[in-house]
Each structure stands twice: as C-alpha cells, then as structure tokens.
Amino acid sequence: MIRTAHADDVDAIAVLHTRARATYYRGRYAEDWYSTENGLAGARRGWSAAVGRSAADGGVLCAERDGRVTGVAAFRIQDGETTLTQLHVDPDHWRRGTGAALHAACLDAWRRAGVRRVRLEVYEHNLRAQAFYAALGWRQDPAAPRSGSHRTLWLTVVPAPGE
C-alpha cells in the first residue's frame, strides 16, 4: 500500500533511509557513518522537515507492507521546479515492485499538480538506481553540469490519457 507519510512514520523512515544508503554506498563511505546515532538523528531531522511541509511545497509517500514501512519517496516543489529528492526501498524489499509503485504514486501527484518536468540527482556509483530511473523514462541532460558525485536526471511528466 502507498500512502502519505505522517509524523509518526519519521523514525521508521529514518531507519529505512540509513539502511538503504548504507547498502548502496557500501565501500564508498565508512559504514559507521550511517549507523551512528548522529547519522540517524540527522536523518530524523531531515525527514521530519520533509513530512511537515505543506502539500504546495512537496510530499512524502510511504510504501507499507504488513504494517511496516518498506519504502519512501519525497519530492519538493521550490521556485517553480519539482525535484524528486529521495526514493529509498528497504534492501530486503528490493526487486518486488515497491520502488515502481512509489514512483507511480509520485507521477500521479505530479500530474494532479500540473507538474510537467521533474529533476533528480542520483549517486554516480549507484548503477542499479540509474538503471531503475532509465527504465522509467528519466534522462540525463548532456548539457547539464555534474553535481559533485551525482548525475542529474530529468523526467517529462506525460499527462494521463484523457487529461
């Protein structure tokens, strides 16, 4: 089930976030950076702010299975630009459609809001995520400069049939 995240989801989202990032950053950053209480507290603060935003400023969606948060996606609308800021799935739930379901829910929200173009930054070494986004239609702008260790991708949001 995909639903809007609530304040009482923040702890579960922060744990999922740090667990997912520790998995795909493995070997690139010190693993204890994510598992420390400071790392988890920082994730809680960030997710608390995201969940607390008004709908006009973005949204946070959760995937839930058997009462447990298994994925999360967040997007931000700022200065007329929409950015998919986060999309994480618990590694135990990879390759089960959770990420695709979260992405589809984001697309629905963007269509309802009249958004026609969205950007995201993906870690350059996270080839699995890059393949996921490419399969969903995200494309790199060859003219766009690199953003540190990340690639910037763009998606054109196509209106649903009948819109």
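Residue count for segment 64-78, restricted to those that are farther than 16 Å from T18 by Cα and either of a type in the set (V, I, T) or surrounded by 21 or more Cβ atoms within 10 Å (Cβ to Cβ) (or both): 2. Of everything in segment 49-77 that is in contact (Cβ under 8 Å) with a residue 24 or more places away in the chain and either on the phi > 0 side of the Ramachandran plot or in a helix (DSSP H, G or I) (or both), the residue that is farthest from the chain's Cα centre (by Cα) is G52. Residues that are under 16 Å from the mean Cα position of the chain (by Cα), of a type in the set (D, E, K, R) and part of a strand (DSSP E or B) within segment 118-163 comprise R119, E121, R151, listed in sequence order. Tell me, yes or no, whether segment 84-107 has at least one residue that is in contact with a Lys or Arg (Cβ under 8 Å, 6 or more places away or on another chain) and more than 23 Å from A43 (Cβ to Cβ). Within segment 84-107 (the criterion being in contact with a Lys or Arg (Cβ under 8 Å, 6 or more places away or on another chain) and more than 23 Å from A43 (Cβ to Cβ)), the answer is no, since none of the residues qualifies.
Among all residues of segment 88-96, there is at least one that is of a type outside the set (S, T, N, Q), buried (at least 21 other Cβ atoms within 10 Å of the Cβ), in contact with a strand residue (DSSP E or B) (Cβ under 7 Å, 6 or more places away or on another chain) and within 15 Å of L120 (Cα to Cα).
Any read-out appearing in this document is the output of simple, stated calculations on the displayed coordinates, not a laboratory observation. All values derive from a computational prediction rather than experimental measurement. Backbone-built Cβ (ideal geometry, glycine too); neighbour counts: all protein chains shown.
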